[in-house]
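Colleague: Pasting in a structure now, in structure tokens, and then I'll have a few things to ask.
The values are calculated or read from the model by the stated rules, or taken from the named source; none is laboratory data. Because the structure is predicted, anything quoted here is derived from the model rather than measured. With ideal geometry, Cβ positions are generated from the backbone for all residues, glycine too; neighbour counts draw on all protein chains shown. The accessibility values were calculated without ligands, DNA or RNA, using every heavy atom of the protein model including side chains. Shrake-Rupley method; radii C 1.70, N 1.55, O 1.52, S 1.80 Å.
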Amino acid sequence: MEALGHTAGSVPGGSGAPRLVSLGAHARTALEAGAFVLLPLVGPILIVAYLLGAYTTHPSTVDGMYFPDGGFLFDLHVMWKAGHDIVTGHSPYPFVYPAPAAFLMVPFGILPWTLAVVAFTLVLIGSVVLALRLLRVTDWRCYAAALACMPMTSSITIGTLSPLLLLAAAAAWRYRNRRLWVAAALVGAVATKIFLWPLLIWLVATRRFRTAALTVGLGIVTVFGSWAILGFDGLREYPHRISRVAGLEQDRSYSPFSLARALGMSTTAAQVMVALLAVAAIAAIVLLARSRDGDRRAFVAAVGAGLILSPIVWPHYLVILFAPIAVYRQRLSAAWILPLFFWLLRSPESHGSALWIVATMVLSVAAVALAARRSSPAPSPASP
């Protein structure tokens, strides 16, 4: 390439250099089209192919449940059934999520399966778009990058709540000085998928004590109120069920716990390590809250702590990374591009590979670190 450029440059009036510039521009356009136009369509295209019967996979058994379609839309299968059970007057248990998640799925449980798939897919896509709008993202390429990354495609094809958790985190940050809004957003997130609980520490560390108290109170009412409607069916067995599911899955995910197990640590030692990480994470959130730009730094640390301390982290959980990225960067930058490299993951499961777990962690940390580097002051929250 250097020789070609030198030759073109040495010929007066030669057209080699402009041609190279033109080729470079075409290559960039092709890359942008692939990243920002084609990749965001992968998930929706697979959903359409599934609904038309054109997408088929080998039958498989996932967590003891047989799926003739190989587990495609596995989470949505489980959650839709829970919502459908409530609609038809039955208890959803045994169910892997807390009772509020079952009630969240009632609007979808009313629908036939095919319509529920369409509606849920649109809700997931809309959640990401609305989350980025709440975080004042102005560059359309950022929206495309978020929809194009493998964690988002995984969320769509598995049918998970992860994009809704991103929306909850975004709402909590945008309306952080509106007590009821923050409490509702965090209860919605923590009562369905508990791993974002460190955001409660963020509220306390930033001296939002009344908001934290309201969040805890509203959370208790929501969780036990939902279970009360079900006659507390499944509540007593729920901790055992969650423990059993964690025992089956935690060694195959991308969490620090999974890394510890992949490196040969016993389950007990790995649990002690996570407990120590929890203490360190809480201390970090509190200390960062007292530093310059402490509100934003503590929020980002709390989101990161949720991922670090969760015993199970699947790739679709990583959609939540776009909250800290967008908090710092509202226009396209390298931080938005890095999550596209999650497509290099060889499988939704780590299969106990320390190398792949570490690579996933490094990529996640690098994306947030790049976003935070030399950032501008945090925008003011929405006024009450």
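Colleague: Tell me yes or no: at least one residue of region 76-93 is open to solvent by 10 Å² or more (accessible area, probe 1.4 Å) and under 16 Å from the mean Cα position of the chain (by Cα).
Modeller: The answer is no, given that none of the residues of region 76-93 is open to solvent by 10 Å² or more (accessible area, probe 1.4 Å) and under 16 Å from the mean Cα position of the chain (by Cα).
Each row is one residue, and each column tells you yes or no for (1) touching a Leu at 6+ places or on another chain (Cβ under 8 Å); (2) free of Cβ contacts under 8 Å to residues at least 12 places away in the same chain; (3) crowded, with 18+ Cβ neighbours inside 10 Å; (4) assigned to a loop (DSSP other than H, G, I, E, B).
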| position | (1), (2), (3), (4) |
| --- | --- |
| Tyr317 | yes, no, yes, no |
| Gln330 | yes, no, no, yes |
| Ile337 | no, no, no, no |
| Ser350 | no, no, yes, yes |
| Val362 | no, yes, no, no |
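Colleague: Under 7 Å between Cβ atoms, at least 6 apart or on separate chains: pull out the pairs that start in region 128-156 with a residue that is in contact (Cβ under 8 Å) with a residue 24 or more places away in the chain and end on any residue that is among the polar types (S, T, N, Q) and part of a helix (DSSP H, G or I).
Modeller: Note: pairs meeting the criteria are Ser155/Ser162; Ile156/Thr121.
Colleague: Let me ask another. Which count do you get for residues in region 230-269 that are modelled with pLDDT of 90 or more and of a type in the set (A, V, I, L, M, F, W, C)?
Modeller: Residues that pass the stated criteria total 9.
Yes/no per residue for (1) part of a loop (DSSP other than H, G, I, E, B); (2) over 20 Å from Ile242 (Cα atoms):
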{"position": "Phe72", "(1), (2)": "yes, yes"}
{"position": "Val78", "(1), (2)": "no, no"}
{"position": "Pro92", "(1), (2)": "yes, no"}
{"position": "Ala102", "(1), (2)": "no, no"}
{"position": "Leu115", "(1), (2)": "no, yes"}
{"position": "Leu122", "(1), (2)": "no, yes"}
{"position": "Ile125", "(1), (2)": "no, yes"}
{"position": "Leu132", "(1), (2)": "no, yes"}
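Colleague: A further question follows. Go through region 249-265 and report how many residues are open to solvent by 60 Å² or more (accessible area, probe 1.4 Å) and out of contact with any helix residue (DSSP H, G or I) (no Cβ under 8 Å at 6 or more places or on another chain).
Modeller: Selection size over region 249-265: 1.
Colleague: Output the number of residues of region 115-156 satisfying the condition of being within 19 Å of Leu51 (Cβ to Cβ), more than 14 Å from the chain's Cα centre (by Cα) and polar (S, T, N, Q).
Modeller: 1
Colleague: Among (1) assigned to a loop (DSSP other than H, G, I, E, B); (2) open to solvent by less than 10 Å² (accessible area, probe 1.4 Å); (3) over 22 Å from Val96 (Cβ atoms), which single condition is Thr160 missing?
Modeller: (3)
Colleague: Now for a separate question. Among the residues of region 132-157, write down those that are more than 19 Å from Leu122 (Cα to Cα), open to solvent by 10 Å² or more (accessible area, probe 1.4 Å) and among the charged types (D, E, K, R).
Modeller: Within region 132-157, Arg136, Arg141 qualify.
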